[in-house]
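To start, the structure under review is shown below, and the notes come after it.
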């Protein structure tokens, strides 16, 4: 059998985990694997960037899981500094530009994987291109932000209080900067949490010394000699040496769309459960694709390394001659802001309203450990239950150390369509150093079951 | 309707949570509730005793969740220092002895709850009644052990390396004692963990400076003037100022058996899902009953506050005019020894052998956090999978801070009869401070799925 040629566009989590899994299953005599990456690095942990900026993860290269040289040893050829500018699905070729020289060449493929990722939303506001207005998406972004701080930046504005926004705020506060967080919604993390839970995150930001401007859209950026001087937001001019944008992301699906590959209403490449696109022999995974939310049935773009890695594993298995499917996601996420851990899964009460679903929302206050055990901290668990059948549809958890990962048993319960009544009697673990005798998850399920009956 | 009379035998978790739940549902005009407790206290957290001895929970009274006075305010009458010595199921009376005076009286009931708990196993060994040979089951035990240490005890022997054994060892080491742990099996925690996992606990005990004697049965206790001088075990005489027995427990079912109430092969009172015994109007809950293991179908006595509380809630609901059932348990447990957290659920590989079940056992090494994030510690996850259908039947987790509670998503998966293949793609939470991009649970499920296919 002649050697087949697999080309991969994008050298980050989705593309490289696809390549690695395909290589595990097929040797180089069966499958040639070549990846093209626009940037200078492969497989880096973007989620770790705030912690590099904070100064607790060093050096930045520690965030690189695997280098091109390491891939080469596994017979996976990676060309960094190469941008793919066109896909011809009929001829089965790519147009590739070597960025250093500007040379364009054509590369042929038998199978193609698109792992182009996502880009930060960057609205066309006045002054947005001033030096000092930045995102935190690449290792170079992290190094740049670290340099700006080291060179004496004193005042920072974080635009958007989502996951990245609060993680960056933590980092900047830790580095001693004066931090203002500007958020269009009424609370931090308002798009993933219900208002009652989100307000706790807002409070934590303020308690940590950040100024939080809510209901405030950014109107523009003022600069002096091309360098950022202030962020204009909520009718105010906030002096700033640096501004970090955390306004969410959009799937990089333009290249695929240009090749006639189907892109969905959420802006991501449409794939089936095997991660195959609408074009023969063309596959895609990671931040650039749409995934099915198992709870709502909706297609959505969720830019998160855990999905990219799973999808890459599935895709690589299928390319390697196996058979695997990606079962969708349920919107599970976790983060922390200083000592506060925040988790969510499934739908929120706000989602239910949007969908017109009849749900019962219940909130339970508990502790992370037995009340008498040192370090017991408050934890709030909010559950969203289907009123018709008592099924758990979503959960939010906010609390001290140990609270965040409590979203996991709830995620498995949502995944398995477990009812809150059953969960309230489920055999979760108990010992004073890690749980009260009624574990917060079990306790909250009991409250939800009672609310459901009343 | 005339007031009915509910008597409760035992003022700890099962009995008092029953009483509390019944009271929530029925006022004193409908239901009189009277409880008899042999000891001096109600509703104390026995699981917290090692941490009182360790010196991190003080005073001991902090372990008492609710006092008789607090129950009285809720119209629940508690008589401490009262032992029930007989049940007449035909006459619907109890024989009650007031311990201080020795007076016996008869009390009548319409409904009876037995919550007599369990007692520590105390083999009839020579010298076992010497002063200084003790258990750690009551608040008074804790106060006594604390006093012995404060008065200068230097050398301690812990007999049995189960949950209590390792928790007591942690406490005694923290208090500066020389500690020997004597265990009949080949490893610490050998009855709840597989040998490969249990050996990590043994190693941790030794690393912490404890002497661990394995395969060593206690032959007796040597004393001087009635006070413990040495523990004879494994053919050696180990000098000791104090010995703490942690040899497991037996259900206190003798009182019930004496009244003709059915007791099962595991030694516990037999109850149905509503917590009703074989005798009309007689109910039971907590450490004195047998519960159904949902994975094996076996009846077992599991002395753990979390079950006692749930069963009390169920029982109280049924007595209060509602309808509730206890769905059984799956053997979930967690503990820690210093920085090592240990969790388990479902069956072990050893259980599978005993049952003659065809399983695949898989072990996966991972980290508690992203590898580059400070405080990332090793975690080992072992999964037991049904070879015929890929269903997860059990799990064991051992690792650093944050490892223990990772048993909970696994417990929900076992409870819901989830397959490892599905779990390997489940949407669990990810963020560098709390998880690697492949969460240890998801990663282990992936390894198990691969082992299953090969």
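List of remarks:
- For the protein assembly as shown, calculated [θ]222 nm from helices alone, where every DSSP H run of n ≥ 4 adds -39500 (n - 2.57): -7500 deg cm²/dmol
- Point-to-point label distance, residue A:388-residue A:91, nm (Cα→Cβ direction, 7 Å offset): 5.3 nm
- Neighbour counts of other Cβ atoms within 10 Å put A:358, A:141 in the fewest-to-most order A:358, A:141.
- Here region A:172-206 and region B:336-359 have alpha carbon centers that stand 42 Å from each other.
- Partner shielding of A:339-349 amounts to 1, given as the average count of beta-carbon atoms from other chains within 10 Å of each residue beta-carbon.
- By the Stokes-Einstein formula, at 0.692 mPa s and 37 °C, region B:123-203 with its Kirkwood radius over alpha-carbon pairs has D equal to 240 µm²/s.
- Per-residue Cβ neighbour counts within 10 Å put A:398, A:87, A:114 in the sequence A:87, A:398, A:114, beginning with the fewest.
- Here the Debye sum runs over all C-alpha atoms of region B:397-454 as equal scatterers in vacuum, and log10 of I(q)/I(0) at q = 0.16, 0.20, 0.24 Å⁻¹ comes out as -0.49, -0.75, -1.04.
- For the listed peptides B:378-388, B:198-208, B:301-311, a ranking on the average number of other beta carbons within 10 Å per residue, highest first, reads B:301-311, B:378-388, B:198-208.
- Reported to the nearest whole Å, the Cα centre-to-centre distance from region A:130-164 to region B:1-40 is 62.
- Gyration tensor (alpha-carbon) shape descriptor, region A:8-152, a/c threshold 1.5: oblate
- Between the beta carbons of residue B:56 and residue B:196, assuming R0 = 30 Å, the FRET efficiency works out to 0.45 to the nearest 0.05.
- Among the residues of A:368-375, the average count of other protein chain beta-carbon atoms within 10 Å of the residue beta-carbon is 5.
- Distances, shortest first, from the label point of residue B:220 to those at the same position in the other copies read 9.6 nm; the point lies 7 Å along Cα to C-beta.
- The shape of chain B comes out oblate: with a ≥ b ≥ c from the C-alpha gyration tensor, a/c is at least 1.5 while a/b does not beat b/c.
- The protein assembly as shown: C-alpha gyration tensor shape, a/c 1.5 cut-off, then a/b vs b/c: prolate
- Point-to-point label distance, residue A:278-residue A:237, nm (Cα→Cβ direction, 7 Å offset): 4.9 nm
- Annotation: the residues A:192, A:348, B:85, sorted from fewest to most other C-beta atoms within 10 Å of their own C-beta, follow the order B:85, A:192, A:348.
- Rg(Cα) / (2.2 N^0.38 Å) computed for region B:333-453, rounded to two decimals: 1.00
- For the pair residue A:353 and residue A:229 in one chain, pulling the backbone fully straight at 0.36 nm per residue adds 40.5 nm over the alpha carbon distance.
- Separation between Cα centres of region B:247-269 and region B:383-432, rounded to whole Å: 34 Å
- Taking the label point 7 Å along Cα→Cβ, residue B:248 and its counterparts in the other copies are spaced 5.8 nm apart, in ascending order.
- Exam field: residue B:77 pseudo-label spacings to other copies (7 Å along Cα-Cβ), nanometres: 9.0
- Shielding score for A:414-424, defined as the mean number of other chain Cβ atoms within 10 Å: 4
Laboratory data are not the source of any read-out in this text; all were calculated from the coordinates shown. Note that this is a predicted model, so its numbers are computed, not measured. All Cβ positions, even for glycine, are placed from backbone atoms using ideal geometry, and neighbour counts span all protein chains on display.
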